[in-house]
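Peer 1: Pasting a structure below so you can have a look.
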Amino acid sequence: MNELDDLKQRLRDFAAARDWKEFHTPKNLAMALVAEAAEVVEHFQWLTAAESQALDPAKRAEVALELADVLLYLVMLADSLDIDLAEVAHRKISLNEKRFPPPPIP
């Protein structure tokens, strides 16, 4: 198993132990994912680009936890739709490589 599979199984076990599976529909998970992504954005609202790259350790730790929430909801959403995130991410990068080739070397 890879790390995404480990996360997926741990999240399944967590939800099962709390009898939450009925609430983990694609619609609900997508909505939760967006809400968590907005919480990430809140940390950067009104910062300059330079400030956003120089977060103090406490703020960086807060952002890290919000990013974890985003990842966890993304993994649960993909799991609910039986989507292999790693496989489709590699496929998407391949599509982007064809769509956006590197500029020619002068």
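Peer 1: State which residue pairs qualify: first residue over 15 Å from LYS27 (Cα atoms) and inside region 63-78, second residue open to solvent by 50 Å² or more (accessible area, probe 1.4 Å) and part of a helix (DSSP H, G or I) in any location, beta carbons under 6 Å apart, and separation of 6 or more residues or different chains.
Peer 2: GLU66/GLU39
Peer 1: While we're on this one: Restricting attention to region 6-18, does a residue exist that is touching a residue at least 12 places away in the same chain (Cβ under 8 Å) and of a type in the set (Lys, Arg)?
Peer 2: yes
Peer 1: To continue, here is another question. Considering only residues of region 79-102 that are among the hydrophobic types (A, V, I, L, M, F, W, C) and either in contact (Cβ under 8 Å) with a residue 40 or more places away in the chain or not in a helix (DSSP H, G or I) (or both), which is surrounded by the most Cβ atoms within 10 Å (Cβ to Cβ)?
Peer 2: The qualifying residue surrounded by the most Cβ atoms within 10 Å (Cβ to Cβ) is LEU85.
The values are calculated or read from the model by the stated rules, or taken from the named source; none is laboratory data. As the structure is a computational prediction, the values presented were derived from the model and not from experiment. Methodologically, a virtual Cβ is constructed for each residue, glycine included, from the backbone with ideal geometry; neighbour enumeration extends over all protein chains shown. Keep in mind that these areas ignore ligands, DNA and RNA; they rest on the heavy atoms of the full protein, side chains included. Shrake-Rupley method; radii C 1.70, N 1.55, O 1.52, S 1.80 Å.
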